[in-house]
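Down below is the structure, laid out as structure tokens.
The values are calculated or read from the model by the stated rules, or taken from the named source; none is laboratory data. Just so it is clear, the model here is predicted, and its values are computed rather than measured. Here the Cβ positions follow ideal geometry from the backbone for every residue, glycine too, while neighbour counts run over all protein chains shown.
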Amino acid sequence: MARIKIDLPPGFSFETEIPVRITDLNYGKHVGNDTVLSIIHEARVRYLASLGYTEMNLEGVGLIMADTAIEFKKEIFYPSTLRVAVTAGDFSRVGFDLYYEIRIVEGEKTTVAVAAKTGMVCFDYEKRKVAAVPTAALAKLGAAI
């Protein structure tokens, strides 16, 4: 069976720390896969906020997550602190990908636990239609198209 392999970019433009909560654990006593997607969502919201955006207002258009891929590399346990790096790439006329690297912080050392990607599409919620990525947003996101 083919496995998902995510090629992360060489650098990230944003980092945030997210603590693991006891409620993030599943019956296997580690962070559940559904929780990892929630952690990615939290990191995305923080990344957008650092640029002055929300998921509902990226220079006047909203964002919809069109797809996601998660590559699990290491179990995450409580109590851990996670360092989540985020950056944008693979820009198109109506969207872009966000890349995530989740590392477990262990003193001065960090260990990669997750690599992930979400495909984001710009959406006009009033017209209920896909929209072009605003030029101003492209500049802030570091687009090279």
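Quick notes
- In the set (1) in a helix (DSSP H, G or I); (2) closer than 29 Å to Thr135 by Cα, the condition left unmet by Val36 is number (2).
- Residues of the range 16-33 that are touching a residue at least 12 places away in the same chain (Cβ under 8 Å) and assigned to a helix (DSSP H, G or I): Ile22, Asp24, Asn33.
- Residue list for the range 51-66, filter: closer than 11 Å to Tyr125 by Cβ and touching a Pro at 6+ places or on another chain (Cβ under 9 Å): Gly60, Val61
- Val36 vs. criteria buried (at least 19 other Cβ atoms within 10 Å of the Cβ), over 13 Å from the mean Cα position of the chain (by Cα) and not charged (D, E, K, R): no
- Hey, Met1 of a type outside the set (D, E, K, R), assigned to a loop (DSSP other than H, G, I, E, B) and either surrounded by fewer than 19 Cβ atoms within 10 Å (Cβ to Cβ) or modelled with pLDDT under 95 (or both) or not: yes
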